[in-house]
Amino acid sequence: MKHRSLLVSLVLCLLPGLSMAQSPGGSVENRTGATVFSRFAATVTTPPAESGASQSFDVSLGSLSLRGARRIEAPPMGYYLATLTAGEVITRIAGKETQRHPGDTWAVNAGEAMTVQLQGKSKEALLQIFTVKEASPPK
């Protein structure tokens, strides 16, 4: 976990000075009433380390909107940070349920799924998602 936190901190600190290739955003709505919207996606490359090797990561910033559906499962998508911007939800990550309120931010480890369930009188919720995963090797 320490390494992931360090990695995210490093990427966030170096983001302005890193080489980036931006791809267009888009949205996808599925049958469950959830809409996934990607605002920004890029591959960032860190400056060469002392060993002389640089490292590349795919990063993206988007949102997950939940309307009407009472519960959805977000599939594993690499390491990501989620921030609840609207609504009240309960998340289930690695078997642990947590009630979330607007403004709450939490991390989901690579390989873990997250279930999001509307809570109380909330009829919709909006989450901002920032993902980080090791870039695929160039083809």
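Run the numbers for K123 and W106: contour at 0.36 nm per residue of separation, minus the present Cα-Cα distance, in nm. Can you show the working numbers first?
Values: separation 17, 0.36 × 17 = 6.12 nm, distance 2.17 nm.
Value of the extension gain: 4.0 nm.
Go through 84-91, 41-48 and give me the packing order, highest mean Cβ count within 10 Å leading.
Working: 84-91: 18.5, 41-48: 15.8.
So the order, starting with the most tightly packed, is 84-91, 41-48.
Measuring from label point to label point, each 7 Å out along Cα→Cβ, what is the A113 to A86 span in nm?
The answer from the label model is 2.8 nm.
Can you give the relative contact order of segment 59-139 as a percent, counting alpha carbon pairs under 8 Å and 6+ residues apart?
Details: 192 pairs, mean separation 37.0, N = 81.
It rounds to 46 percent for segment 59-139.
Label-point separation (nm) for T45 and E97, each offset 7 Å from Cα along Cα-to-Cβ?
Label at T45, label at E97, 4.8 nm between them.
Estimate the FRET efficiency between S136 and E73 by the formula 1/(1 + (r/R0)^6), using the beta-carbon distance for r and 22 Å for R0, to the nearest 0.05. Don't skip to the answer; put the middle values down first.
Values: r = 24 Å, r/R0 = 1.10.
Between S136 and E73 the formula returns 0.35.
A short reminder: the numbers here are calculations on the coordinates, not readings from a lab. Since we're looking at a predicted model, the values are computed, not measured. Neighbour counts are summed over all protein chains in view; Cβ atoms, including those assigned to glycine, are modelled from backbone coordinates with ideal geometry.
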